[in-house]
Amino acid sequence: MVNYGYIAYIGGITIRNEAEIHKRQTQSKQLQEPPVGWRERIKSLGPALIVAACIVGPGTVTTVSIAGASYGFQAMWILIIACLTAYYFQKPVVKFTIKTKMSAMDGIRLYMGKWWSGTIYFALLLGAIAFQAGNFTGAALALNFFLPSISILTWVAILAVSAIVVSWIGIYRLLENINRVFIGLMVLSFVLTVFLSGPDFGALVTTGFSFQVPDQNYWLVLALIATTLPPNTALGLSAFIKNKYKEEQTLSKAAQLKLAHFDLRTNLSIAAIISISILICAGTAIYGTGTEITSAADMAYQLTPLLGQYAGVLFSLGLWAAGFSSGLFNISVQPALFGQAFGKSEDTRTSTNRVLMLIAGITPIVVVMAFGQMPIQLIMGAQALNGLLLPMIVGSIWYICNKPGVLGSHLNTRGQNIMYGIVMLIVCFLTLRVLLSVTGLI
């Protein structure tokens, strides 16, 4: 007669022993693995730094300035939620890229089809073309503050050509270092402007965290979230992480993942500090004066008589860094995204990739020269595409991070899926807002 209780007992011991052995092996591996020091952490700051510099572009500066000028500090808590949403939007691609050595766009092509990755790429390219004029025009308006004798169009052309040259060189470390300068300038410029404005920190805390929607303006909530979620940032982040760690031999994947998460947390925190600084400055200096802000350049010019010449200079310097870094991102990311979407070369020196960079950099300038501005139909079309792209990209990333056989034991946990489900819900609301705006219903 078979003693099933004895077998179960023996089986239980075996399972516990195997679990104990696995636990000890893991602990032994962790002890053998050298700790990640601050030198490695500082060196890791790069991919998310480039993305953060893109997020804080002229559109973000304008949206946040208008929110501060219209409602003071009341939108502070909304902006913090927007920055947290941006973090959880991008976080899954870090794990996917480090664990698989593929970018998110590689994964979308391999597991969802080249037609799907190609559709996403060309929609992103059209969006880049439509919004590049705004990036370079914002930076040009900032430079015009310093040298008004040079026309805006001339500045735009100089900036576009400069960004193309940097992108054509195609050295990733150069791109990192340039964006370090831009992020540093934005922090210096916008944070110092806050101190020049002299905010009431007591009112900042009580008003900024009232957790009430200003004037029940729920579209403001979505606008602030939307400005932190450019559709190409998660895919761009993944592409830059792949580039940075593709030849890494000295660090384990666990150490690389730890460093990549540190990079993301640090640089999106910096982006949050910059955005909050702009809001505080507008809320302190402009709110209640009756002055209307319609663009980031307006903000710089309005600060000069209110807070003095230094405030205008600092804000213009930050606006220049914001505009040029966003324009540079949209050009430099094209070879990687195109190559990954279609399984082609990601080398910036190939003729196809250089043509794509020229399209992203020069076409908007040619359109502005021909029409005097970017045609409103193209901007509205790009807004609609970006609105539709967000749930497409979030859904695609969600799918590849939960696909059995891709990440193995590193599939998304229940908690991670809940957080990404919240992000998906938010971007669906953003899509609805964009479509209602484009159709003229709001």
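The values are calculated or read from the model by the stated rules, or taken from the named source; none is laboratory data. Every value quoted in this text rests on a predicted model; they were computed, and no experiment measured them. Cβ: placed from backbone, ideal geometry, glycine included. Neighbour counts: every protein chain shown. Each accessible area value is taken on the protein alone, full model and side chains, heavy atoms only, with ligands, DNA and RNA left out. Shrake-Rupley method; radii C 1.70, N 1.55, O 1.52, S 1.80 Å.
Pairs of lysine residues in the stretch 238-355 that meet both criteria, 8 or more places apart or on different chains and Cα atoms under 15 Å apart, total 4. Note on Q216/L388: beta-carbon distance plugged into 1/(1 + (r/R0)^6) with R0 of 35 Å gives a FRET efficiency of 0.80. Accessible surface for T137 stands near 40 Å², nearest 10, in the context of the full protein assembly shown (1.4 Å probe). For the pair K101 and S162, label points projected 7 Å from Cα toward Cβ lie 3.9 nm apart. Working note: 222 nm ellipticity from helices only, DSSP H runs with n ≥ 4, each -39,500 (n - 2.57), summed and divided by the residues of the chain, gives -27000 deg cm²/dmol to the nearest 500. A Förster distance of 35 Å, applied to the separation of the beta-carbon atoms of A203 and K43, puts the FRET efficiency at 0.30. Each residue, V366 and K246, gets one label point 7 Å from its Cα in the Cβ direction; the gap between the two is 2.9 nm.
Taking each residue as 0.36 nm, the span from T413 to I152 lengthens on full extension beyond its C-alpha to C-alpha distance by 88.9 nm.
Along the stretch 228-233 the Karplus relation, 6.51 cos²θ - 1.76 cosθ + 1.60 evaluated at θ = phi - 60°, assigns HN-Hα couplings of 9, 10, x, x, 7, 6 Hz to successive residues, with x for each Gly and Pro. Across P230, P148, P335, mean-square fluctuation computed from a Gaussian network of the chain (C-alpha pairs under 10 Å connected) peaks at P148. Which of L222, L49, L328 ends up with the largest GNM mean-square fluctuation for the chain, with Cα atoms connected below 10 Å? With Cα springs under 10 Å in the chain, the top fluctuation among L222, L49, L328 is at L222. For the chain, pairs of C-alpha atoms spaced more than 44 angstrom apart make up 15 percent of the total. Of the residues V56, V205, ranked by 1.4 Å probe accessible area with the largest first, the sequence reads V205, V56.
Figure legend: label point modelled 7 angstrom from the Cα of I81 along Cα→Cβ; residues of the stretch 219-246 with amide N under 15 Å from it are 219-228. Solvent-accessible area per residue in the chain equals 45 Å², computed with a 1.4 angstrom probe and all protein chains kept. Placing unit charges on each Cβ (+1 for Lys and Arg, -1 for Asp and Glu) gives the chain a dipole about its Cα centre, and among W38, V166, L147 the Cα reaching farthest toward its positive end belongs to W38.
Determine the distance separating the Cα centre of the stretch 65-124 from the Cα centre of the stretch 136-165; give it in Å without decimals. The two parts, judged by their Cα centres, are 29 Å apart.
On a per residue basis, the convex hull of the C-alpha atoms belonging to the stretch 74-208 measures out at 177 Å³. Against the chain, whose longest principal axis comes from its Cα atoms, helix 253-285 is set at around 30 degrees. Quick one: if the Förster radius is 22 Å, what FRET efficiency do T119 and T352 give, using the C-beta to C-beta distance and rounding to 0.05? Calculated value: 0.75. What's the angle, to the nearest 10 degrees (0 to 90), between helix 152-169's Cα axis and the longest principal axis of the chain? Computed tilt is about 30 degrees. Here is the list for the stretch 161-260: trypsin sites (Lys or Arg not before Pro) lying in DSSP coil, each with at most 16 other C-beta atoms within 10 angstrom of its C-beta, are K246. When the chain is treated as a Gaussian network with alpha carbon springs shorter than 10 Å, the biggest mean-square fluctuation among I280, I158, I225 belongs to I158. Of Y245, Y218, Y111, the residue with the largest accessible area leads and the full order is Y218, Y111, Y245 (1.4 Å probe). Please work out whether the stretch 148-263 counts as rounded, prolate or oblate from its C-alpha gyration tensor, where a ≥ b ≥ c are the square roots of the eigenvalues and a/c under 1.5 means rounded, while otherwise a/b larger than b/c means prolate and anything else oblate? Verdict is oblate for the stretch 148-263. Solvent-accessible surface of protein heavy atoms, probed at 1.4 angstrom with all chains present, puts C281, C428 in the order C428, C281, largest first. Of the accessible area of the chain, with the probe set at 1.4 angstrom, what percent is carbon plus sulfur? Answer for the chain: carbon and sulfur cover 65 percent of the accessible area.
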